[in-house]
(Lines give C-alpha, C1' and ligand atoms only; values in the text may rest on other atoms or scores of the structure.)
Protein backbone atom coordinates (compact mmCIF):
# COMPACT_ATOMS: atom_id res chain seq x y z
CA UNK A 1 0.00 0.00 0.00
CA UNK A 2 1.30 3.46 -0.85
CA UNK A 3 -0.42 6.65 0.20
CA UNK A 4 0.49 10.31 -0.11
CA UNK A 5 -0.05 12.95 2.56
CA UNK A 6 1.35 16.47 2.74
CA UNK A 7 3.46 15.73 -0.33
CA UNK A 8 5.32 12.84 1.33
CA UNK A 9 5.47 9.24 0.13
CA UNK A 10 4.48 7.19 3.13
CA UNK A 11 6.19 4.00 4.24
CA UNK A 12 4.73 0.93 2.55
CA UNK A 13 3.78 -2.50 3.84
CA UNK A 14 6.57 -3.96 1.69
CA UNK A 15 9.16 -1.79 3.45
CA UNK A 16 7.88 -2.85 6.86
CA UNK A 17 7.92 -6.53 5.90
CA UNK A 18 11.49 -6.13 4.61
CA UNK A 19 12.45 -4.63 7.98
CA UNK A 20 10.80 -7.55 9.77
CA UNK A 21 12.98 -9.98 7.82
CA UNK A 22 16.10 -8.02 8.76
CA UNK A 23 15.15 -8.04 12.43
CA UNK A 24 14.63 -11.79 12.78
CA UNK A 25 17.02 -13.04 15.42
CA UNK A 26 17.95 -9.46 16.39
CA UNK A 27 14.81 -7.90 17.90
CA UNK A 28 12.59 -9.77 20.34
CA UNK A 29 9.10 -10.53 19.08
CA UNK A 30 7.53 -9.09 22.19
CA UNK A 31 4.31 -10.66 23.56
CA UNK A 32 1.05 -9.00 24.50
CA UNK A 33 0.84 -9.00 28.29
CA UNK A 34 -2.46 -8.43 30.13
CA UNK A 35 -2.58 -5.92 32.97
CA UNK A 36 -4.63 -7.50 35.77
CA UNK A 37 -7.73 -5.75 37.13
CA UNK A 38 -8.38 -3.60 34.07
CA UNK A 39 -11.80 -3.33 32.40
CA UNK A 40 -11.84 -3.78 29.49
CA UNK A 41 -8.76 -5.96 29.71
CA UNK A 42 -5.71 -3.95 28.69
CA UNK A 43 -2.96 -5.69 26.73
CA UNK A 44 0.53 -4.20 26.83
CA UNK A 45 3.19 -4.60 24.12
CA UNK A 46 6.38 -4.45 26.26
CA UNK A 47 9.19 -3.17 24.05
CA UNK A 48 11.13 -2.81 27.30
CA UNK A 49 12.01 -6.48 26.74
CA UNK A 50 14.23 -5.63 23.76
CA UNK A 51 17.99 -6.14 24.34
CA UNK A 52 18.38 -2.34 24.50
CA UNK A 53 15.32 -1.83 26.69
CA UNK A 54 13.24 0.03 24.09
CA UNK A 55 11.59 -0.20 20.67
CA UNK A 56 14.40 1.88 19.17
CA UNK A 57 16.44 -1.21 18.33
CA UNK A 58 14.05 -2.06 15.51
CA UNK A 59 14.51 1.19 13.61
CA UNK A 60 18.21 1.60 14.38
CA UNK A 61 19.15 -1.86 13.14
CA UNK A 62 16.99 -1.50 10.03
CA UNK A 63 18.52 1.88 9.18
CA UNK A 64 22.16 0.85 9.71
CA UNK A 65 21.54 -2.29 7.64
CA UNK A 66 20.01 -0.16 4.87
CA UNK A 67 23.11 2.07 4.86
CA UNK A 68 25.15 -1.01 3.95
CA UNK A 69 28.79 -0.65 2.96
CA UNK A 70 28.79 3.13 3.45
CA UNK A 71 28.09 2.62 7.16
CA UNK A 72 30.86 0.06 7.48
CA UNK A 73 33.35 2.24 5.66
CA UNK A 74 32.54 5.64 7.20
CA UNK A 75 30.90 4.82 10.53
CA UNK A 76 27.48 6.07 11.67
CA UNK A 77 26.31 8.94 13.85
CA UNK A 78 23.04 9.50 15.68
CA UNK A 79 21.59 12.19 17.88
CA UNK A 80 19.29 11.03 20.64
CA UNK A 81 17.68 11.78 23.97
CA UNK A 82 19.06 8.39 25.03
CA UNK A 83 17.19 5.31 23.82
CA UNK A 84 17.92 5.76 20.10
CA UNK A 85 21.59 6.28 20.88
CA UNK A 86 21.63 3.10 22.98
CA UNK A 87 20.00 1.21 20.10
CA UNK A 88 22.41 2.61 17.50
CA UNK A 89 25.42 1.69 19.66
CA UNK A 90 24.09 -1.85 20.13
CA UNK A 91 23.13 -2.36 16.46
CA UNK A 92 26.44 -0.92 15.25
CA UNK A 93 28.34 -3.30 17.51
CA UNK A 94 26.38 -6.25 16.09
CA UNK A 95 27.10 -5.13 12.52
CA UNK A 96 30.76 -4.23 13.10
CA UNK A 97 30.24 -0.52 12.47
CA UNK A 98 31.86 2.43 14.27
CA UNK A 99 29.29 4.66 15.98
CA UNK A 100 29.13 8.18 17.44
CA UNK A 101 26.14 9.25 19.53
CA UNK A 102 25.22 12.86 20.37
CA UNK A 103 23.07 13.27 23.49
CA UNK A 104 21.92 16.14 25.70
CA UNK A 105 23.80 16.80 28.92
CA UNK A 106 20.61 15.82 30.74
CA UNK A 107 20.47 12.28 29.28
CA UNK A 108 20.04 9.71 32.07
CA UNK A 109 23.20 7.93 33.17
CA UNK A 110 21.53 4.54 32.72
CA UNK A 111 21.34 5.35 28.98
CA UNK A 112 24.72 7.00 28.48
CA UNK A 113 26.47 4.17 30.33
CA UNK A 114 24.85 1.69 27.96
CA UNK A 115 25.97 3.69 24.90
CA UNK A 116 29.57 3.63 26.12
CA UNK A 117 29.37 -0.05 27.04
CA UNK A 118 28.82 -0.97 23.37
CA UNK A 119 31.89 0.95 22.26
CA UNK A 120 30.28 4.06 20.78
CA UNK A 121 31.83 7.50 21.13
CA UNK A 122 29.61 9.76 23.24
CA UNK A 123 29.26 13.51 22.59
CA UNK A 124 27.19 15.66 24.97
CA UNK A 125 25.58 18.98 24.05
CA UNK A 126 23.02 21.45 25.39
CA UNK A 127 19.56 19.98 26.08
CA UNK A 128 17.72 20.91 22.89
CA UNK A 129 16.96 19.19 19.60
CA UNK A 130 18.57 22.06 17.68
CA UNK A 131 21.84 21.61 19.60
CA UNK A 132 21.89 17.88 18.88
CA UNK A 133 21.14 18.43 15.19
CA UNK A 134 23.83 21.13 14.87
CA UNK A 135 26.51 19.03 16.56
CA UNK A 136 25.61 16.01 14.44
CA UNK A 137 25.82 18.05 11.24
CA UNK A 138 29.21 19.44 12.22
CA UNK A 139 30.60 15.96 12.90
CA UNK A 140 29.22 14.64 9.61
CA UNK A 141 30.89 17.50 7.72
CA UNK A 142 34.19 16.85 9.49
CA UNK A 143 34.31 13.05 9.40
CA UNK A 144 31.81 11.85 6.77
CA UNK A 145 29.73 9.71 9.13
CA UNK A 146 26.46 8.22 7.87
CA UNK A 147 23.54 9.73 9.86
CA UNK A 148 21.02 7.39 11.50
CA UNK A 149 18.03 9.62 12.22
CA UNK A 150 16.01 9.01 15.40
CA UNK A 151 12.58 9.29 13.77
CA UNK A 152 12.46 11.25 10.48
CA UNK A 153 13.63 8.43 8.24
CA UNK A 154 11.91 5.80 6.08
CA UNK A 155 14.04 2.87 7.24
CA UNK A 156 13.59 3.83 10.90
CA UNK A 157 9.82 4.16 10.53
CA UNK A 158 9.67 0.81 8.72
CA UNK A 159 11.60 -0.83 11.54
CA UNK A 160 9.25 0.56 14.16
CA UNK A 161 6.33 -0.54 12.00
CA UNK A 162 7.19 -4.18 12.68
CA UNK A 163 5.49 -3.66 16.06
CA UNK A 164 2.25 -2.99 14.22
CA UNK A 165 2.59 -6.18 12.19
CA UNK A 166 3.01 -8.16 15.42
CA UNK A 167 -0.01 -6.54 17.07
CA UNK A 168 -2.17 -7.28 14.01
CA UNK A 169 -1.06 -10.92 14.01
CA UNK A 170 -1.33 -11.52 17.77
CA UNK A 171 -4.53 -9.58 18.49
CA UNK A 172 -6.69 -9.28 15.36
CA UNK A 173 -9.57 -8.16 17.64
CA UNK A 174 -7.67 -5.06 18.77
CA UNK A 175 -9.87 -2.01 18.20
CA UNK A 176 -7.61 0.61 19.81
CA UNK A 177 -3.80 0.89 19.83
CA UNK A 178 -2.31 3.59 22.06
CA UNK A 179 1.28 4.72 21.46
CA UNK A 180 3.70 7.19 23.12
CA UNK A 181 4.77 10.03 20.82
CA UNK A 182 8.12 11.81 20.76
CA UNK A 183 9.48 12.54 17.28
CA UNK A 184 6.70 10.42 15.78
CA UNK A 185 8.59 7.53 14.21
CA UNK A 186 7.04 4.87 16.46
CA UNK A 187 3.40 5.83 15.99
CA UNK A 188 3.98 6.40 12.25
CA UNK A 189 5.32 2.92 11.68
CA UNK A 190 2.70 1.20 13.84
CA UNK A 191 -0.21 3.08 12.29
CA UNK A 192 1.05 2.48 8.74
CA UNK A 193 1.50 -1.24 9.41
CA UNK A 194 -1.94 -1.65 10.97
CA UNK A 195 -3.68 0.18 8.14
CA UNK A 196 -1.75 -1.59 5.38
CA UNK A 197 -2.22 -5.04 6.92
CA UNK A 198 -5.98 -4.60 6.86
CA UNK A 199 -6.43 -4.11 10.62
CA UNK A 200 -8.89 -1.45 11.61
CA UNK A 201 -8.04 -0.26 15.15
CA UNK A 202 -8.03 3.41 15.99
CA UNK A 203 -4.46 4.57 16.67
CA UNK A 204 -4.06 7.26 19.32
CA UNK A 205 -0.85 8.94 20.42
CA UNK A 206 0.06 10.04 23.94
CA UNK A 207 2.35 12.84 25.09
CA UNK A 208 3.14 14.45 28.44
CA UNK A 209 1.14 17.58 29.17
CA UNK A 210 4.50 19.34 29.47
CA UNK A 211 5.65 18.33 25.97
CA UNK A 212 2.57 18.26 23.75
CA UNK A 213 3.93 19.52 20.45
CA UNK A 214 2.56 16.61 18.40
CA UNK A 215 -0.93 17.12 19.83
CA UNK A 216 -0.76 20.80 18.90
CA UNK A 217 0.60 19.91 15.46
CA UNK A 218 -2.26 17.52 14.73
CA UNK A 219 -4.82 20.09 15.89
CA UNK A 220 -3.30 22.87 13.77
CA UNK A 221 -2.60 20.73 10.70
CA UNK A 222 1.11 21.57 10.55
CA UNK A 223 4.17 20.85 12.71
CA UNK A 224 4.32 23.08 15.77
CA UNK A 225 7.51 23.46 17.81
CA UNK A 226 7.59 23.89 21.58
CA UNK A 227 10.46 25.75 23.31
CA UNK A 228 13.25 23.42 24.41
CA UNK A 229 13.05 24.75 27.97
CA UNK A 230 9.38 23.78 28.15
CA UNK A 231 9.76 20.17 27.06
CA UNK A 232 12.72 19.67 29.40
CA UNK A 233 10.29 20.00 32.33
CA UNK A 234 8.79 16.54 31.87
CA UNK A 235 10.16 13.56 33.78
CA UNK A 236 9.66 11.55 30.56
CA UNK A 237 13.12 12.15 29.10
CA UNK A 238 12.37 9.83 26.16
CA UNK A 239 9.59 12.20 25.04
CA UNK A 240 11.50 15.50 25.25
CA UNK A 241 11.42 16.38 21.54
CA UNK A 242 10.35 19.90 20.66
CA UNK A 243 8.88 19.13 17.25
CA UNK A 244 7.50 16.08 15.50
CA UNK A 245 9.40 15.05 12.35
CA UNK A 246 8.18 15.99 8.88
CA UNK A 247 7.77 12.45 7.52
CA UNK A 248 6.22 11.20 10.78
CA UNK A 249 3.78 14.11 10.72
CA UNK A 250 2.60 13.08 7.25
CA UNK A 251 1.86 9.61 8.63
CA UNK A 252 0.15 11.03 11.72
CA UNK A 253 -2.16 13.20 9.61
CA UNK A 254 -3.08 10.22 7.45
CA UNK A 255 -3.43 7.42 9.98
CA UNK A 256 -3.70 8.69 13.58
CA UNK A 257 -7.12 9.30 15.15
CA UNK A 258 -6.03 11.64 17.94
CA UNK A 259 -3.24 12.58 20.33
CA UNK A 260 -4.00 12.99 24.05
CA UNK A 261 -1.85 14.04 27.00
CA UNK A 262 -1.12 12.67 30.45
CA UNK A 263 0.23 14.29 33.61
CA UNK A 264 3.58 13.66 35.22
CA UNK A 265 1.94 11.88 38.15
CA UNK A 266 -0.14 9.68 35.86
CA UNK A 267 3.00 8.44 34.10
CA UNK A 268 4.77 7.77 37.40
CA UNK A 269 1.74 5.94 38.78
CA UNK A 270 1.58 3.83 35.61
CA UNK A 271 5.26 2.91 36.09
CA UNK A 272 4.43 1.60 39.58
CA UNK A 273 1.30 -0.27 38.47
CA UNK A 274 3.13 -1.94 35.59
CA UNK A 275 5.85 -3.10 37.98
CA UNK A 276 3.54 -4.42 40.68
CA UNK A 277 0.63 -5.75 38.62
CA UNK A 278 2.17 -6.85 35.32
CA UNK A 279 5.79 -7.36 36.48
CA UNK A 280 7.00 -5.06 33.71
CA UNK A 281 9.64 -2.34 34.07
CA UNK A 282 8.81 0.94 32.32
CA UNK A 283 10.41 4.36 32.21
CA UNK A 284 7.99 7.30 32.55
CA UNK A 285 7.77 8.02 28.81
CA UNK A 286 7.49 4.31 28.09
CA UNK A 287 4.46 4.13 30.38
CA UNK A 288 2.65 7.11 28.81
CA UNK A 289 0.27 5.02 26.69
CA UNK A 290 -0.61 2.80 29.65
CA UNK A 291 -1.22 5.94 31.73
CA UNK A 292 -3.69 7.20 29.12
CA UNK A 293 -5.55 3.88 29.11
CA UNK A 294 -5.76 3.86 32.91
CA UNK A 295 -6.47 7.52 33.68
CA UNK A 296 -7.71 9.25 30.50
CA UNK A 297 -10.14 6.64 29.25
CA UNK A 298 -12.87 9.21 28.60
CA UNK A 299 -10.56 10.98 26.12
CA UNK A 300 -9.92 7.79 24.12
CA UNK A 301 -12.21 6.12 21.57
CA UNK A 302 -14.44 3.44 23.10
CA UNK A 303 -12.73 0.06 22.82
CA UNK A 304 -13.41 -3.55 23.79
CA UNK A 305 -9.86 -4.77 23.09
CA UNK A 306 -7.31 -2.00 23.69
CA UNK A 307 -3.55 -2.41 23.30
CA UNK A 308 -0.97 -0.03 24.78
CA UNK A 309 2.64 0.08 23.63
CA UNK A 310 5.16 0.17 26.49
CA UNK A 311 7.91 1.81 24.49
CA UNK A 312 10.86 1.61 26.89
CA UNK A 313 12.07 0.49 30.30
CA UNK A 314 15.40 2.29 30.74
CA UNK A 315 14.50 3.94 34.02
CA UNK A 316 16.95 5.26 36.60
CA UNK A 317 16.90 2.56 39.31
CA UNK A 318 16.67 5.24 42.01
CA UNK A 319 13.55 6.71 40.42
CA UNK A 320 11.95 3.26 40.16
CA UNK A 321 12.78 2.56 43.80
CA UNK A 322 11.20 5.88 44.85
CA UNK A 323 8.04 5.20 42.84
CA UNK A 324 7.65 1.74 44.38
CA UNK A 325 8.45 3.04 47.87
CA UNK A 326 5.76 5.72 47.56
CA UNK A 327 3.26 3.14 46.38
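Is it the case that residue 200 is within 22 Å of residue 33 (Cα to Cα) and in a helix (DSSP H, G or I)? No; evaluated as a whole, the condition is false for this residue. Looking only at segment 277-294, decide whether some residue is modelled with pLDDT of 95 or more, buried (at least 19 other Cβ atoms within 10 Å of the Cβ), over 24 Å from residue 215 (Cβ atoms) and touching a strand residue (DSSP E or B) at 6+ places or on another chain (Cβ under 6 Å). Yes, segment 277-294 contains a residue that is modelled with pLDDT of 95 or more, buried (at least 19 other Cβ atoms within 10 Å of the Cβ), over 24 Å from residue 215 (Cβ atoms) and touching a strand residue (DSSP E or B) at 6+ places or on another chain (Cβ under 6 Å). Between 108, 34, 127, the distinction of being assigned by TED's automatic domain parsing to the domain that holds residue 157 and either more than 24 Å from residue 166 (Cβ to Cβ) or touching a strand residue (DSSP E or B) at 6+ places or on another chain (Cβ under 9 Å) (or both) belongs to 34 only.
Would you mind stating whether residue 146 is in contact with a strand residue (DSSP E or B) (Cβ under 7 Å, 6 or more places away or on another chain) and over 19 Å from residue 255 (Cβ atoms)? Before the answer, list the steps.
Details: in contact with a strand residue (DSSP E or B) (Cβ under 7 Å, 6 or more places away or on another chain): yes; over 19 Å from residue 255 (Cβ atoms): yes.
When the stated conditions are applied, residue 146 passes them.
In segment 195-203, is there at least one residue being in the same structural domain as residue 235 (by TED's automatic domain parsing), without any contact (Cβ under 8 Å) to a residue 60 or more places away in the chain and touching a strand residue (DSSP E or B) at 6+ places or on another chain (Cβ under 7 Å)? Within segment 195-203, one or more residues are in the same structural domain as residue 235 (by TED's automatic domain parsing), without any contact (Cβ under 8 Å) to a residue 60 or more places away in the chain and touching a strand residue (DSSP E or B) at 6+ places or on another chain (Cβ under 7 Å). Applying the criterion of at least 1 residues that are farther than 21 Å from residue 133 by Cβ and under 19 Å from the mean Cα position of the chain (by Cα) to the helices (runs of 4 or more DSSP H) found wholly in segment 227-321 leaves 246-255, 264-273, 288-295. Restricting attention to segment 51-91, the residues that are free of Cβ contacts under 8 Å to residues at least 40 places away in the same chain and surrounded by fewer than 24 Cβ atoms within 10 Å (Cβ to Cβ) total 5.
The values are calculated or read from the model by the stated rules, or taken from the named source; none is laboratory data. Just so you know, these numbers come straight off a predicted model, no measurement behind them. With ideal geometry, Cβ positions are generated from the backbone for all residues, glycine too; neighbour counts draw on all protein chains shown.
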